[in-house]
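See structure below.
The values are calculated or read from the model by the stated rules, or taken from the named source; none is laboratory data. Everything quoted here is computed from the prediction, not taken from an experiment. Because the Cβ atoms are built from the backbone with ideal geometry, glycine has one as well, and the counts that use them run over all protein chains shown. Just the protein is used for accessible areas: all its heavy atoms, side chains included, with ligands, DNA and RNA removed. Shrake-Rupley method; radii C 1.70, N 1.55, O 1.52, S 1.80 Å.
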Amino acid sequence: MKSARRALLTLPVIAAAALALTGCADASMPTSVATDSYGGLPPEHSGDVGAGDMEGPLVLWLDEGSSISVTTWGSSGCPAILTEVNVVDAQTLDLQYADTTAYADQVCTADYAPHTSEIDLPAEITGAPLTVSVSFDGEEPRASVMLD
């Protein structure tokens, strides 16, 4: 009888602890502001990807004047997370990604895989040519790409 009562009293404590730990883990992870985000290249990309393409982001029009895709390279288990889309002017967009800071307490795979973020352009962007700068972890832009 005592063991049954102890089990009934212990179960809610274990459940509450599990929920509290889960809540803490999710709270530190930044939320992506991308319209869509997935592993791999965008379906619209028809060319081969060479080593030079993997040095910086691959930026493509999805729907010219209204949406773009940005492919970054890194760990497939811990991809960079688009956290900010900032309009610099009518033809310049600044994208901020969380990379190493997003996974501070997690072990990440040591592979080098593409991860794509799709972005609906803010209304302030008037179209082509569009310059897109990409920064990681609050540092200076790693790359700037111009779309015609």
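From the list T100, T116, the one residue that fits, being open to solvent by less than 20 Å² (accessible area, probe 1.4 Å), in contact (Cβ under 8 Å) with a residue 24 or more places away in the chain and of a type outside the set (F, W, Y), is T116. Exactly one of (1) assigned to a strand (DSSP E or B); (2) in contact (Cβ under 8 Å) with a residue 60 or more places away in the chain is unmet by A128. Its number? Every listed condition holds for A128 apart from (1). Outside any loop (DSSP other than H, G, I, E, B) and out of contact with any Pro (no Cβ under 9 Å at 6 or more places or on another chain): is that true of Q96 in this structure? For Q96, the condition - outside any loop (DSSP other than H, G, I, E, B) and out of contact with any Pro (no Cβ under 9 Å at 6 or more places or on another chain) - is met. Of the listed requirements (1) in contact (Cβ under 8 Å) with a residue 60 or more places away in the chain; (2) part of a loop (DSSP other than H, G, I, E, B); (3) buried (at least 19 other Cβ atoms within 10 Å of the Cβ), D105 misses just one: (3). Is it the case that segment 36-45 has a residue that's buried (at least 16 other Cβ atoms within 10 Å of the Cβ), out of contact with any Asp or Glu (no Cβ under 9 Å at 6 or more places or on another chain), at pLDDT below 90 and assigned to a loop (DSSP other than H, G, I, E, B)? Within segment 36-45, one or more residues are buried (at least 16 other Cβ atoms within 10 Å of the Cβ), out of contact with any Asp or Glu (no Cβ under 9 Å at 6 or more places or on another chain), at pLDDT below 90 and assigned to a loop (DSSP other than H, G, I, E, B).
Just a yes or no: is a residue in segment 64-85 open to solvent by 50 Å² or more (accessible area, probe 1.4 Å) and free of Cβ contacts under 8 Å to residues at least 24 places away in the same chain? No, that holds for no residue.
Can you tell me which residue in segment 127-148 is least open to solvent (accessible area, probe 1.4 Å), limited to those that are at pLDDT below 90 and more than 18 Å from the chain's Cα centre (by Cα)? Here the residue is G127. Only one of the numbered conditions (1) closer than 23 Å to M29 by Cα; (2) under 17 Å from the mean Cα position of the chain (by Cα) is violated by A110, and that is (2).
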